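Peer 1: The structure is given below, and queries will be raised subsequently.
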Amino acid sequence: MRTPAAIAQRAAGILGGNWAAERHPWGVHGSLTAPETDTFTLHVDDHGHLCLEAVYGRFGEIARFPEPTTEDGADVVAQDVAKAIRQHLAKDEGESAVYQELNLDAHFSAADYSDPETPCHPNVTIAGATGFFYIDEAGVLRLSAHLDSLTEIGIRLWGEDSVPMLITLDGGVVFASTGRWVIQFQHPDDGGDDGVWEYSIPADEAPNEAAARAVAQARFAADIKAHGNTSAWDGTTIRSVRFINDQPMA
């Protein structure tokens, strides 16, 4: 079936959760609803286009879709209807809902070794960035990120309007483009709080812990040299290294 009501039924299944579709007389009109959201209708206009409209809130036409000629085409249209509804609701909720839309649009691909010359490893693509997670020919678990195709939410990892990125391994930060490292040095004789030097290093200066330690040690050496009592700090060690993500993720 490729009626508006049938496509509404398929779109409700794609949206999942509490979404439900209702068939109206003759099946030429369908609606989609979920608790605490707008109501959406599907109908065919005079030009033969399938029209998606919102009934409440920012009401009116949201999108138009061509008439599907096959069952596969109906599935594609249903997916496009679900996507248009998500985007409409995300705009109503504000910028904080953008991450939900991007995650919902994630594309997962399984391994495909049908062509030995160009094998495809398991991967996920989100907002144009693709991450691979697989076992290679040597039996080594590999994680690989490809960021060349980040979409309109940002095309850079650094600077204003960039896409923040945080990579962790077993809870530890191994790469960050936002946030900061807080590194404390402890006087060799302890000395309490008076014997502690603390540095806050932005992630854009040190994307991983090794780099943050190197930057902090260089600054500490320069500060101690200018302190006038350098020898008293011989044997000073790093007491703690913390990563703080106190900058909002886009």
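Peer 1: Which FRET efficiency, nearest 0.05, do ALA63 and ILE135 yield, Cβ-Cβ r, R0 35 Å?
Peer 2: 0.25
Peer 1: Something else about it: Calculated FRET efficiency, ARG239 and ILE167, Cβ-Cβ r, R0 35 Å, to nearest 0.05?
Peer 2: Taking R0 as 35 Å, the efficiency between ARG239 and ILE167 is 0.90.
Peer 1: How far is it, in nm, from the label point at CYS120 to the one at LYS225 when both lie 7 Å from their Cα along the line to the Cβ?
Peer 2: In this crude label model, CYS120 to LYS225 measures out at 5.5 nm.
Peer 1: Let me ask something else about it. With N set to the number of residues, divide the alpha-carbon radius of gyration of the range 176-244 by 2.2 N^0.38 Å and report two decimals.
Peer 2: Ratio of Rg to 2.2 N^0.38 Å for the range 176-244: 1.12.
Peer 1: Which FRET efficiency value, to the nearest 0.05, do you get for ASP46 and GLN79 by plugging their Cβ-Cβ distance into 1/(1 + (r/R0)^6) with R0 = 25 Å?
Peer 2: Values: r = 25 Å, r/R0 = 1.01.
Step by step, r from the Cβ atoms, then E = 0.50.
Values in this text are rule-based calculations from the coordinates and carry no lab data. Every value quoted in this text rests on a predicted model; they were computed, and no experiment measured them. Because the Cβ atoms are built from the backbone with ideal geometry, glycine has one as well, and the counts that use them run over all protein chains shown.
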